[in-house]
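Visitor: Quick one: this structure, given as structure tokens, is what I'll be asking you about.
The values are calculated or read from the model by the stated rules, or taken from the named source; none is laboratory data. Remember, it's a predicted structure, so these values are computed and weren't measured experimentally. Every residue, glycine among them, receives a Cβ derived from its backbone with ideal geometry; neighbour counts consider all protein chains shown. Only protein heavy atoms, including side chains, enter the accessible area calculation; ligands, DNA and RNA are left aside. Shrake-Rupley method; radii C 1.70, N 1.55, O 1.52, S 1.80 Å.
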Amino acid sequence: MPPPHSTHPPSPLPPRPRLLQSLGSCSRRAATYAASSPSPSPPGWPRPLRYAVLGAGFAGLSVAWHLLKSPKDSRVSVDVYDENGVGGGASGVSGGLLHPYSPKAKLLWRGGEFWKESMDLLRSAEKANGTAGSDGASRDDEALIWRRGILRPPTTEKAADILLENAQSCLQSCSLQVLDSDAAQRLIPGLRVPLNLAIYMPLALNINPRKYLQALFSACQNVANEASASSSEQKEFNLYNEHIDNLHQFSGDYDAVIICLGGKASSLPELTNKLPLRTCRGVIAEFRLPSDTVEKYGSRSPSILSDAWLAFQGPRTVSVGSTWQWKSDNHDPSVSDEEARSAMEELLPKASAVYPGISKWDYVRARAGIRAMPPLTANGSLPLLGCLNDVIGERSNSAFWLVGGLGARGLLYHGLAGKLTAKAVISSDENMIPSEFTCWKAVKASR
């Protein structure tokens, strides 16, 4: 199929990597896009560095982007593998609220860096999408990003005290404002503010995850195409819709293989029972305001973050999330009627507690995804990064790396996690990654 946001046919497909010729037992489909066709290295040039990225969600496309942005005058080939395509996994069905704070409005560890790197990737995606600096579409429900902020009204005295204390420290680039009920209700008419207090994040964002990932994929294509027009460098970028059975199928064919499979990483036979990840299935429900309803959600009103979150995509569409079903191994994004009813019973009372008007909205559908939750550390729940060769415990001509455990903060974490990992992969030096992201391996080894 053609690349997203393009009406032109794809470039000729590159020769399949050697490893694909040995996958006769796999259910294969053709690569969906090749940014540039490989060409023989000019005399005296080194061969391209070849990288495989497993997964085309937040982590995978961030890693691919940063690998392609490697130093100029380099030859790099990046092959992305995902049987469900771009954003076809949990990333594409996740909630889209982006900010660098905990639920208690405390700035997360390295929150400024996480926020900056995510914003940099968002700008690159917007540029590729042709929507930089705007909400991203002529129609509100087609936008890539909604820049309307997020409002957090606490529902208990204890939560209010904690929010008020933490709000004293914030990032200038994502500030926090303390509002009384009158100010909050001017922003969101009909909002319930039980304790005359709400924390407002005017620069926080609401993002359409699937459209963002498609735009970031296009940005990767553009980097490869621009580099390939240079006489001094060449960069190739390919997407293969391939099921991944194990890591052996990649061994020796790539300089490095970066595993960005979220909750599915632990299902690889080489990593079974070797990653300290817990799976958690979350259901998100979508509602629409009936067309014959006169009142509608304010076109500039922020989204709402409370015991449930309400991410508004325009005046008549909202996503409400999310449930938490621990230890689930159900990766199916579709939601049964029974699961949807259970999710509604859990989410609607929480949403109604702060926005009673949700009762006038009609349920449309539900979607679900698996979060890969990392262990809690002194610095919070951090992504798991690092080289896996020692963890796998088998000799290989390829280096294996992990970007996993982004949990419920994939949008916030993916920029910095991808950048740090790409630097470490390119330099073949795990010490490029701060030890707080790699210490999970020492903890795992000591057990």
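Visitor: At 1.4 Å probe size, with the rest of the protein present, what percent of the exposed accessible area of region 81-219 is carbon and sulfur atoms?
Guide: Carbon and sulfur together cover 47 percent of it.
Visitor: Now for a different question. Using only the Cα atoms of the chain, each taken as one equal point scatterer with no solvent, compute I(q) by the Debye sum, divide by I(0), and report log10 of the ratio at q = 0.06, 0.12 Å⁻¹.
Guide: Each listed q corresponds, in turn, to -0.26, -1.02.
Visitor: Right, something else. Can you compute the charge dipole magnitude of the chain about its Cα centre, using +1 on each Lys and Arg Cβ and -1 on each Asp and Glu Cβ, nothing else charged? Give it in debye, rounded to the nearest 20.
Guide: 280 debye
Visitor: Using alpha carbons only, how many degrees (0 to 90, rounded to 10) separate the axis of helix 337-354 from the longest principal axis of the chain?
Guide: So the helix axis and the longest Cα principal axis differ by about 50 degrees.
Visitor: Can you tell me the 0 to 90 degree angle between the C-alpha axis of helix 209-228 and the longest principal axis of the chain, rounded to 10?
Guide: Between the helix axis and the principal axis of the chain, the angle is about 30 degrees.
Visitor: Taking the Cα centre of region 279-373 as the origin and placing charges on Cβ (Lys, Arg +1; Asp, Glu -1), which of 322, 283, 302 is farthest toward the positive end of the dipole?
Guide: 302
Visitor: Let me ask another. With the Cα gyration tensor of region 279-373 in hand, give its eigenvalues times 5 under a square root as the equivalent ellipsoid semi-axes, listed largest first in whole angstrom.
Guide: The equivalent ellipsoid of region 279-373 has semi-axes of 25, 13, 11 Å.
Visitor: Let me ask another. Under 19 Å from a point placed 7 Å out from the Cα of residue 427 along the Cα-to-Cβ direction: which residues of region 230-261 have their backbone N that close?
Guide: In region 230-261, the label zone of residue 427 (backbone N under 19 Å from the point 7 Å along Cα→Cβ) covers 256-258.
Visitor: Assigning unit charges at the beta carbon (Lys, Arg +1; Asp, Glu -1) and nothing else, what dipole magnitude in debye, to the nearest 20, does region 279-373 show about its Cα centre?
Guide: Magnitude of the dipole: close to 360 debye.
Visitor: Straight-line reach from residue 423: which lysines fall under 18 Å, measuring Cα to Cα and dropping same-chain residues less than 8 apart?
Guide: Filter leaves 69, 72, 116, 235.
Visitor: Then there's this: Over region 279-373, what is the relative contact order in whole percent, taking alpha-carbon pairs under 8 Å and six or more residues apart?
Guide: It comes to 47 percent, rounded to a whole number.
Visitor: So what's the angle, to the nearest 10 degrees on a 0 to 90 scale, between helix 58-68 and the longest Cα principal axis of the chain?
Guide: 40 degrees
Visitor: Based on the alpha-carbon gyration tensor of region 111-225, what equivalent-ellipsoid semi-axes (square roots of 5 times the eigenvalues) come out, in whole Å, largest first?
Guide: Rounded to whole Å, the semi-axes are 33, 17, 10.
Visitor: Something else: Could you report region 279-373's accessible area per residue, 1.4 Å probe, as an integer in Å²?
Guide: Value for region 279-373: 47 Å² per residue.
Visitor: May I ask you to derive the relative contact order of the chain, considering only C-alpha pairs under 8 Å and at least 6 residues apart, and to give it as an integer percent?
Guide: In percent, rounded to a whole number, it is 22.
Visitor: Restricting to DSSP H runs of at least four residues, report the calculated mean residue ellipticity at 222 nm for the chain, -39500 (n - 2.57) per run over all residues, nearest 500 deg cm²/dmol.
Guide: Taking each H run of at least 4 residues, the total per residue is -8000 deg cm²/dmol.
Visitor: So if I take the centroid of the Cα atoms in region 370-438 and the same for region 315-366, what is the distance between those two points in Å?
Guide: Using only Cα atoms to place each centre, the spacing works out to 31 Å.
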